[in-house]
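Chemist: Pasting in a structure now, in C-alpha cells, and then I'll have a few things to ask.
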4 protein chains.
Amino acid sequence: MQEELRNTETPQRVMEIMMEKDEFTKWLGIEFISIESGACQLKFKVRKEMLNGFNSIHGGVLFSAADSAFAFACNSYGLLNVALECNISFTRPAFEGQELLLTAKEINKGKTTAIYEVSVVNEEEKLVALFKGVAFNTQKVHG
Amino acid sequence: MQEELRNTETPQRVMEIMMEKDEFTKWLGIEFISIESGACQLKFKVRKEMLNGFNSIHGGVLFSAADSAFAFACNSYGLLNVALECNISFTRPAFEGQELLLTAKEINKGKTTAIYEVSVVNEEEKLVALFKGVAFNTQKVHG
Amino acid sequence: MQEELRNTETPQRVMEIMMEKDEFTKWLGIEFISIESGACQLKFKVRKEMLNGFNSIHGGVLFSAADSAFAFACNSYGLLNVALECNISFTRPAFEGQELLLTAKEINKGKTTAIYEVSVVNEEEKLVALFKGVAFNTQKVHG
Amino acid sequence: MQEELRNTETPQRVMEIMMEKDEFTKWLGIEFISIESGACQLKFKVRKEMLNGFNSIHGGVLFSAADSAFAFACNSYGLLNVALECNISFTRPAFEGQELLLTAKEINKGKTTAIYEVSVVNEEEKLVALFKGVAFNTQKVHG
C-alpha cells in the first residue's frame, strides 16, 4: 500500500500535499517556479513584517525560505524526510520589496540521509545566503 | 560621541531600540525573561501559523526565534553585530500550543567576531533545537 | 548474538577495540582521561608536525582530535556510529608544546541519530575550539 | 610597504611561502594541481596512518585536507586569513590507496570575511565530503 503510493505521487503532487497544511510557508508567500525529484526553485518577496530592527530581512526569514525549499526538494521522492542539521551563511542583506530566488539542489542522497544545498540570490543575481541541510528519511509515505 | 553612547546604553535599552522596529520578532510573539551583557532568555508560544505541513513547528520558526535570541545577546554591548554563519540541530518536534524557552549564552567574544549558543527547550525541559551563531561586530552604535 | 555483544562491551572495551586499529588517532598522540557511555575526556600535546604555515596548530588537527573524541563518545554504547555532519568554531590559536584538553558530551540521543558537542581548551582553560557533530547509528556491533 | 608586497605576491608565491613551514599539510602529502586568486585544486593519496578504527579514512584527515585547500584559496590574495567557522558533510568513505581530489572555490568575498566551499571527490568522481569555511581577513601581509 505504501509502496504503491510512493510510486504514484509525483514531486508536484507531494508539494501540493505538503503546502496544503504548511501555514508558515504560506505566510512567507512562496511561489513555485519548478519542482522535480531532488530539486526545486521558488521565489518570494520581502515584506515589511519580515524585517529585523535594522530594516533588512530577518535572518530567520531567509533561513525559513531556504528550509522550505530544502523540505520540498528532499520530500519530492514521496517519502517523508525531516531536517537533522542545517547551516546558513549570510553574505548580503536584502530589503523590503526585493524579490529573492531560491534554488535547492541535491548534493548527495543515501539510503537514510541526504544533503541539499540552497542558494538565495537577489534580483541582480548576487548571493544573499547559502544554506546546507542534512535530511533524515523516515521511510514513511506522504498523504 | 559613539564612545559615549556605547557606555550609556544598557542591554535592556539596546533590546528596546532593536525591538521597536523588529517586525518579525514581534510576529514571533517573543517575550523577554531576562537580558544582560552577552546573554538573554526569552520564550514564545507555538501558533497555528508557525506550523509546517507535518503539523509540527516549521524549522524556520525555531531558527528564527534562536536567531533573535542570538541577535539580542550579541548586540547587548551596544555595538551593532550581524550574523555571519549559523547552524542548528533539530532534536525533537514541537507542537501548537507549546511554550518554548530559549537561552542564549556567549561562548567566546573576540574584537571583531563572537560565538553564541542558543538552546531551545520545551515545557518538559527537553531539547528541541541547539543553535550556534558567529557574529561580526560592525563597531557601529545602535540608536 | 549482536544484542549479547552489545550488552557485554563496556565503553572502555569499545574504545580499546577502536584504538587498536585507529592509526590516525595514535598519530595524534591522544591519551584518555575518562570514557563512559556517551562521554569522554582526552588530551594531547601540540607537536611540530601539527603546525600550519603560521606556527600555530593546523585547524585540521584540532578538528581531528575533536572528531576522535566525538567518535569514542558516540560509539561507547557498543553500536557502530559514523559522522554525518560536523562543524567547528575556532576561537583561539594553540602553539607547539601546549597540552589541549577535549571534553565530549551528548546533547541528544535518538534511535538513529545523535548530537555531540566537544570543547577544546588550553592549559589556562581558555576555549580553543568548539565542535558539534551529528552521528548516524548503523546498528552494527563493534569487535 | 605592505601595500607593495600585497600587489607583487602571486597566488603561487603565497602558497609557496605558506607551504614552506606548513608541517601538517606536508604530512598529508598534498600535491597542487592549480592555484589562482580565490581558488585551488589539490590532491593526496590515502595512507595507512590516515585510517580510523574502521579501516576508512579518519574524518579529521578529510577535514584537514579540505581546510588546507580553503586556506590556500582564501590566502591567495596575499593577505593573511584565518578560519572562523567550518562545517563538513561526510557522504562516502574513502580507503587506503585511493587518490582524492579537492576543489576549493570562493562563494562570497567581503571586506573582512569570505566564504569558501571545498568538494572532495574520489577517482570515480563521487563526492566523499563537502566542506564550507568562513574566513576572517586579518589585513596582514604574508612573507
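Chemist: Please list, in order along the range B:49-57, the HN-Hα scalar couplings obtained from phi with the Karplus expression 6.51 cos²θ - 1.76 cosθ + 1.60 (θ = phi - 60°), rounded to whole Hz, x for Gly and Pro.
Modeler: Working through the residues one at a time gives 6, 9, 8, 9, x, 9, 6, 10, 5 Hz.
Chemist: Considering only C-alpha atoms, what is the centroid distance from the range C:63-130 to the range D:19-88, in Å?
Modeler: 20
Chemist: Suppose a student asked you for the relative contact order of chain C, using Cα pairs under 8 Å spaced at least 6 residues apart; what percent would you report?
Modeler: 27
Chemist: Rounded to the nearest 20 Debye, what is the dipole magnitude of the range C:2-141 about its Cα centre when Lys and Arg each give +1 and Asp and Glu each give -1 at the C-beta?
Modeler: Dipole of the range C:2-141, to the nearest 20 debye: 240 debye.
Chemist: How many nm separate the modelled label positions at A:Glu123 and C:Lys21, each set 7 Å beyond the Cα in the direction of the Cβ?
Modeler: 5.9
Chemist: Considering amide H positions built from the backbone, and no H for Pro or chain starts, which residues 5 or more places from C:Ile107, or on another chain, come under 5 Å of its amide H?
Modeler: C:Ile115, C:Tyr116, C:Glu117
Chemist: Another question about this same structure. Label-to-label distances across copies for D:Glu123, with labels 7 Å out along Cα→Cβ, in nm, shortest first?
Modeler: Distances between equivalent label points, in nm: 4.6, 5.2, 6.0.
Chemist: Another question, if that's okay. Taking amide H positions as placed 1.01 Å from N in the peptide plane, with prolines and chain starts having none, which residues 5 or more places from B:Thr138, or on another chain, fall under 5 Å of its amide H?
Modeler: B:Leu80, B:Asn81, B:Val82
Chemist: Between B:Glu99 and the same site in the other copies, what are the distances in nm, shortest first, taking label points 7 Å from Cα along the C-beta direction?
Modeler: 4.3, 4.8, 6.3
Chemist: Then there's this: Counting only other chains, what is the mean number of Cβ atoms within 10 angstrom of the Cβ of each residue in peptide C:116-129?
Modeler: Per residue, the average neighbour count from other chains is 1.
Chemist: In A, who owns the beta-carbon nearest the axis carrying A over to D, and how many Å from it?
Modeler: A:Asn87, 3
Chemist: Say a label goes 7 Å from Cα toward Cβ at D:Glu31 in every copy; what distances in nm does this one have to the rest, shortest first?
Modeler: 3.9, 5.2, 6.6
Chemist: Please determine, in degrees from 0 to 90 and to the nearest 10, the orientation of helix B:59-75 with respect to the longest principal axis defined by the Cα atoms of chain B, where the helix direction is its Cα long axis.
Modeler: Between the helix axis and the principal axis of chain B, the angle is about 20 degrees.
Chemist: Considering only DSSP states other than H, G, I, E and B, which trypsin sites (Lys or Arg not before Pro) in the range D:41-116 qualify as loop sites with at most 13 other Cβ atoms within 10 Å?
Modeler: Taking the range D:41-116 and a limit of 13 other Cβ atoms within 10 Å, the loop trypsin sites (Lys or Arg not before Pro) found are D:Lys111.
Chemist: Another question about this same structure. Would you tally the net charge around B:Lys45, using a Cβ to Cβ cut-off of less than 10 Å, leaving B:Lys45 out, and scoring K and R as +1, D and E as -1?
Modeler: In short, -1.
Chemist: Sequence-distant or interchain residues sharing an amide H contact under 5 Å with D:Thr91, placed H: which?
Modeler: Here D:Ala129, D:Leu130 satisfy the definition.
Chemist: May I pose another question? Relative to the longest principal axis of chain B, what angle (0 to 90°, nearest 10) does the C-alpha long axis of helix B:11-21 take?
Modeler: It is inclined by approximately 70 degrees.
Chemist: To the nearest whole number, what is the average tally of beta carbon atoms from other chains within 10 Å of the beta carbons of peptide A:22-29?
Modeler: Average per residue, whole number: 5.
Chemist: Two decimals is fine: what's Rg over Rh for the range D:9-84, C-alpha atoms, Kirkwood radius as Rh?
Modeler: Numbers: Rg = 13.0 Å, Rh = 13.0 Å.
Using Cα coordinates only, the ratio equals 1.00.
Chemist: With N set to the number of residues, divide the alpha-carbon radius of gyration of the range D:75-143 by 2.2 N^0.38 Å and report two decimals.
Modeler: Expressed relative to 2.2 N^0.38 Å, the Cα Rg reads 1.30.
Chemist: Work out from phi, with θ = phi - 60° and the Karplus expression 6.51 cos²θ - 1.76 cosθ + 1.60, the ³J(HN,Hα) of each residue of the range A:85-97, listed in order in whole Hz, and give x for Gly and Pro.
Modeler: Rounded to whole hertz, the list is 8, 9, 9, 9, 10, 9, 10, 6, x, 10, 10, 3, x.
Chemist: Kindly give Rg over Rh for the range B:2-141, based on alpha-carbon atoms, with the Kirkwood expression for the hydrodynamic radius.
Modeler: For the range B:2-141, the value is 0.98.
Chemist: If packing is taken as the average number of other Cβ atoms within 10 Å across a peptide's residues, how do C:70-83, D:117-130, B:65-78 rank, most packed first?
Modeler: The most tightly packed comes first, giving B:65-78, C:70-83, D:117-130.
Chemist: Pop out the ³J(HN,Hα) list for the range A:130-140 in order, Karplus 6.51 cos²θ - 1.76 cosθ + 1.60 with θ = phi - 60°, rounded to Hz; leave Gly and Pro as x.
Modeler: After applying 6.51 cos²θ - 1.76 cosθ + 1.60, I find 10, 10, 10, x, 9, 9, 10, 8, 6, 6, 8 Hz.
Chemist: Now, a different point. Averaged over its residues, how many other protein chain Cβ atoms are within 10 Å of peptide B:38-51's Cβ atoms?
Modeler: That works out to 1 on average.
Chemist: Over every pair of different alpha-carbon atoms in the protein assembly as shown, take the mean of 1/r and invert it; report that Kirkwood radius in Å.
Modeler: Working: mean 1/r = 0.0413 Å⁻¹.
The answer is 24.2 Å.
Every read-out reported here was derived from the displayed coordinates using simple, explicitly stated rules and does not represent laboratory data. Treat the numbers as computed from the prediction; the structure is a model and nothing was measured. When we count neighbours, we look across all protein chains shown, and the Cβ atoms used for this are built from the backbone with ideal geometry, even at glycine.
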